[in-house]
């Protein structure tokens, strides 16, 4: 039996590893969390495989992509494509993962799958050099620019405290399903980039957030439209000099992935994986206090898989 089939059969049988996921030099992930076998999961954490194989395994924990995408629906996948760097630099979401997510969406019956980001570097170079443009096209998806203000519509953020209105890319407003796919990395202003922080790429005026309490604005926007699914790419993790990075020396290879419908829970898990306590990341703590989601990982049903 080859390795991929072994993994599939193990997951179908409900086999998961005991003990916490751990990484040399970092805090144990979910060290105090109990395992919950043969029941529905709030979050899956997986390590040790390639991005596409890990996603195949992790999505099963949440009922498969058909639990989120129905026949004929319009899906938006939002990776991080912000930087003009190659995939192994860890500045953007891994293109192998993006491709596999799109394939799952079509297998679940999606009519169209769109991908975009409001990039920081030149958008055409970001799309090309990240490898994501090719990955999207190879999977049959449609990659769309986020580089023109005309694509953004004004919306009210009724539950926001500092961010009470903003302009959002029309694809987010018009989509049936919104899948958020950040890459986990260091960020000089927000401490880490993960699921909530990645939503800055769907708005036009990011500068307002930086000028008006970045952490509160990150939490505020998460009240506007929570993604239907969050998938955190932690294959290459930038531990310093984020969000763009300087070189491969900024990275560690974790070969990990997180998946959850709870944007606060997945950011809390990402923080632990990164080596930080969730309540030390201000926007995670704020979002938990605003009841956007749950950062208390010991209250969640978590499937931990080691390949």
Problem set entry | Residues satisfying the stated conditions in region 286-297, i.e. surrounded by fewer than 20 Cβ atoms within 10 Å (Cβ to Cβ) and either within 14 Å of residue 262 (Cβ to Cβ) or within 18 Å of the chain's Cα centre (by Cα) (or both) | 290, 291, 294, 296
Seminar exercise, completed: Those residues of region 165-192 which are out of contact with any strand residue (DSSP E or B) (no Cβ under 8 Å at 6 or more places or on another chain) and closer than 20 Å to residue 223 by Cβ amount to 190
Exercise. How many residues are surrounded by fewer than 24 Cβ atoms within 10 Å (Cβ to Cβ), in contact with a strand residue (DSSP E or B) (Cβ under 9 Å, 6 or more places away or on another chain) and free of Cβ contacts under 8 Å to residues at least 40 places away in the same chain if we restrict to region 112-133?
Worked result: 2
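Considering 282, 255, 240, which residue is under 15 Å from residue 90 (Cα atoms), touching a helix residue (DSSP H, G or I) at 6+ places or on another chain (Cβ under 9 Å) and surrounded by fewer than 17 Cβ atoms within 10 Å (Cβ to Cβ)?
On the way: 282 fails: under 15 Å from residue 90 (Cα atoms); 255 fails: surrounded by fewer than 17 Cβ atoms within 10 Å (Cβ to Cβ).
Sole residue among the options that is under 15 Å from residue 90 (Cα atoms), touching a helix residue (DSSP H, G or I) at 6+ places or on another chain (Cβ under 9 Å) and surrounded by fewer than 17 Cβ atoms within 10 Å (Cβ to Cβ): 240.
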For this session: Name the one entry in 225, 206 that is touching a residue at least 40 places away in the same chain (Cβ under 8 Å), in contact with a helix residue (DSSP H, G or I) (Cβ under 7 Å, 6 or more places away or on another chain), surrounded by fewer than 24 Cβ atoms within 10 Å (Cβ to Cβ) and closer than 29 Å to residue 64 by Cα.
Result: 225
Exercise. Looking at region 86-108, is at least one residue in contact with a helix residue (DSSP H, G or I) (Cβ under 8 Å, 6 or more places away or on another chain), on the phi > 0 side of the Ramachandran plot and surrounded by 20 or more Cβ atoms within 10 Å (Cβ to Cβ)?
Worked result: yes
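Every read-out reported here was derived from the displayed coordinates using simple, explicitly stated rules and does not represent laboratory data. Everything numeric here is computed off the predicted structure, so don't read it as measured data. Here Cβ is always computed from backbone atoms with ideal geometry, including for glycine, and neighbour counts include all displayed protein chains.
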